[in-house]
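*Asks:* Input: one structure, supplied below.
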Amino acid sequence: MVKDNTAGSRLFDIALIVILVGIAILCILPIWYTLAVSLSNNAAASSGRVGLWPVGFNLGSYQELMGDRKFFNSFWISVQRVILGAGLNFVVILLMAYPLSKNAKELPYRNVLMWILVFTMLFNGGLIPWYMTVKSLGLINNIWALVLGNSVPVFSVILVINFFRNLPKELEEAALVDGTGPWRMMIQIFVPLAGPVIATVTLFSIVYHWNEFFNGLVLMSAADHYPLQTYIQQMVVVIDANTMTAEQIQRMSELSNRTLNAAKIFIAMIPVLVIYPFLQRFFITGITLGSVKE
């Protein structure tokens with residue numbers, strides 16, 4: 001490949017680097033500001049004097065956070081949700097993607113099943129039927145209500161289907177000659193080769209289950225069952241005091257400490273920030289190879 005070293009090309013490269021660095025800074029600034037607020041004293045944070053650096057540096061918010069039982073309870077609920085939800089997504093995605101990656105001769109009505117799958121991605125029954133279904137199953141205030149609600153991530157299924165369809169057909173033919181059955185073929189041949197796309201969709205599942213708050217808000221009637229993001233949403237959302245009960249007002253007043261709230265939000269970001277760099281390298285391969293066909 002011949003590299004273009006003209007002045008225009010170099011200028012374009014410099015401009016592209018500046019733009020990308022600017023976008024990166026814009027993405028980092030909210031996280032940095034949240035950290036600065038969490039490390040500032042209450043007076044500076046409440047008066048809005050905190051910028052990019054802490055004012056009146058102290059670790060009091062983190063020391064107080066260590067004794068917040070509700071925060072760690074909601075944190076543990078989110079950890080369970082991620083483990084159960086991502087694990088269930090992994091199993092469902094593979095069990096759906098492998099057979100649907102075959103052609104219509106190998107899997108009768110394969111095209112019909114694909115249309116049904118895509119239809120569910122575009123349309124749903126609505127919020128009220130969804131809630132009534134969950135309630136009729138007795139899952140209100142149950143962690144499985146948070147897990148089963150997104151047990152079939154259709155977009156991820158389609159990515160894995162297309163990745164499987166891009167694998168060399170000769171591998172499957174050679175395995176069939178050796179007498180390999182469908183289960184063994186999926187587990188020992190397809191899954192190991194699909195590492196990039198599996199890592200990609202697993203990260204999608206982890207981020208979804210960790211960041212999603214609405215299901216917890218609707219399906220959990222008691223604060224003790226809130227996942228972390230629902231707990232934080234209730235903590236920082238603007239609520240009209242005229243519509244709140246005395247108990248709710250008292251709870252919100254206890255959570256009005258801005259530096260403590262910032263500390264909780266920052267701690268909630270850490271798990272995804274830690275996991276993302278390890279899986280990010282699979283994104284290009286996982287998404288591009290999984291989006292060619294279908």
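The values are calculated or read from the model by the stated rules, or taken from the named source; none is laboratory data. Everything numeric here is computed off the predicted structure, so don't read it as measured data. Glycine also receives a Cβ, built like all others from the backbone with ideal geometry; neighbour counts cover every protein chain displayed. Accessible surface areas use protein heavy atoms only, side chains included; no ligands, DNA or RNA. Shrake-Rupley method; radii C 1.70, N 1.55, O 1.52, S 1.80 Å.
*Asks:* In debye, nearest 20, what is the charge dipole magnitude of the chain about its Cα centre with +1 on Lys and Arg Cβ and -1 on Asp and Glu Cβ, if you could check? Don't jump to the answer; show the numbers that get you there.
*Replies:* Values: 18 positive and 15 negative charges, 27 e Å.
The calculated dipole for the chain is roughly 140 debye.
*Asks:* Something else now. Mind running the shape call on region 1-150? Use the C-alpha gyration tensor, a ≥ b ≥ c as the square roots of the eigenvalues: rounded below 1.5 for a/c, prolate if a/b tops b/c, oblate otherwise. Write down the numbers at each step before the final one.
*Replies:* Working: a/c = 3.03, a/b = 1.21, b/c = 2.50.
Verdict is oblate for region 1-150.
*Asks:* What spacing in nm lies between the two simple spin-label points modelled at LYS169 and LEU107, each 7 Å away from Cα in the Cβ direction?
*Replies:* For LYS169 paired with LEU107, the spin-label model returns 1.7 nm.
*Asks:* Can you give me the solvent accessible area of ARG10 with a 1.4 Å probe, rounded to the nearest 10 Å²?
*Replies:* Per-residue accessible area (ARG10): approximately 130 Å².
*Asks:* Any idea of VAL79's accessible area? Nearest 10 Å², probe 1.4 Å.
*Replies:* So the heavy atoms of VAL79 present about 40 Å² to solvent.
*Asks:* Just in region 67-173: which GluC sites (Glu not before Pro) are loop by DSSP and have at most 12 other Cβ atoms within 10 Å?
*Replies:* Values: sites: GLU106, GLU170, GLU172, GLU173; in loops: GLU106.
Within region 67-173, the qualifying GluC sites (Glu not before Pro) (loop, at most 12 other Cβ atoms within 10 Å) are GLU106.
*Asks:* Here's a follow-up. Taking a temperature of 20 °C and a viscosity of 1.002 mPa s, what whole-number D in µm²/s does Stokes-Einstein yield for region 62-136 with Rh from Kirkwood over alpha carbon pairs?
*Replies:* 132 µm²/s
*Asks:* Can you give the local net charge around ASN150? Use residues other than it whose beta-carbon is closer than 13 angstrom to its beta-carbon, Lys and Arg +1, Asp and Glu -1.
*Replies:* Numbers: positive: ARG81; negative: GLU212.
Once all neighbours under 13 Å are counted, the net charge is 0.
*Asks:* Follow-up question, since we're still on this one. Suppose accessible area is computed on protein heavy atoms with a 1.4 Å probe; arrange VAL152, VAL55 from highest to lowest. Please report the intermediate quantities before stating the final value.
*Replies:* Details: VAL152 65, VAL55 40 Å².
Largest accessible area first, the list is VAL152, VAL55.
*Asks:* Using the Cα gyration tensor of region 1-61, with a ≥ b ≥ c the square roots of its eigenvalues, what is the shape: rounded (a/c below 1.5), prolate (a/b larger than b/c) or oblate (neither)?
*Replies:* On the way: a/c = 5.84, a/b = 4.33, b/c = 1.35.
Prolate, because a/c is 1.5 or more and a/b exceeds b/c.
*Asks:* Here's another thing I want to ask about it. Measure off 7 Å from each Cα along the Cα-to-Cβ vector at LEU16 and LEU127, then give the distance between these two points in nanometres to one decimal.
*Replies:* Distance between label points: 4.4 nm.
*Asks:* Quick one: order ASP13, ASP178, ASP224 from most to least accessible surface, probe 1.4 Å. Mind showing how you got there, number by number?
*Replies:* Values: ASP13 60, ASP178 130, ASP224 80 Å².
Correct descending sequence by accessible area is ASP178, ASP224, ASP13.
*Asks:* How many angstrom lie between the C-alpha centres of region 163-200 and region 53-121?
*Replies:* Spelled out, the Cα-based centre of one part sits 24 Å from the other.
*Asks:* Ignoring everything except DSSP H segments at least 4 long, calculate the 222 nm mean residue ellipticity for the chain; use -39,500 (n - 2.57) per segment, divide by total residues, nearest 500. Before the final figure, lay out each step's value.
*Replies:* Numbers: 16 runs with 201 residues, N = 294.
Value at 222 nm, helices only, nearest 500: -21500 deg cm²/dmol.
*Asks:* Using +1 at the Cβ of each Lys and Arg and -1 at the Cβ of each Asp and Glu in the chain, identify which of ILE31, ALA223, PHE155 lies farthest towards the dipole's positive end.
*Replies:* PHE155
*Asks:* Need one number: nm distance between label points at ARG69 and VAL274, each 7 Å from Cα along Cα→Cβ, rounded to one decimal.
*Replies:* The two pseudo-label positions are separated by 2.5 nm.
*Asks:* Step through the residues of region 35-50 one at a time and calculate ³J(HN,Hα) from phi using the Karplus curve (6.51 cos²θ - 1.76 cosθ + 1.60, θ = phi - 60°), rounding each to whole Hz and writing x for Gly and Pro.
*Replies:* Each residue of region 35-50 in turn: 5, 4, 5, 5, 9, 9, 7, 4, 5, 5, 5, 5, 8, x, 8, 8 Hz.
*Asks:* Over the alpha-carbon set of the chain, divide Rg by the Kirkwood Rh and report the Rg/Rh ratio to two decimals.
*Replies:* Working: Rg = 24.2 Å, Rh = 22.8 Å.
That ratio is 1.06, to two decimals.
*Asks:* Could you compute how much accessible surface HIS225 exposes when probed at 1.4 Å, giving the result in Å² to the nearest 10?
*Replies:* 70 Å²
*Asks:* Could you identify which residue out of LEU228, LEU167, LEU94 has the top mean-square fluctuation in a GNM of the chain using Cα springs shorter than 10 Å?
*Replies:* Highest fluctuation among the options: LEU167.
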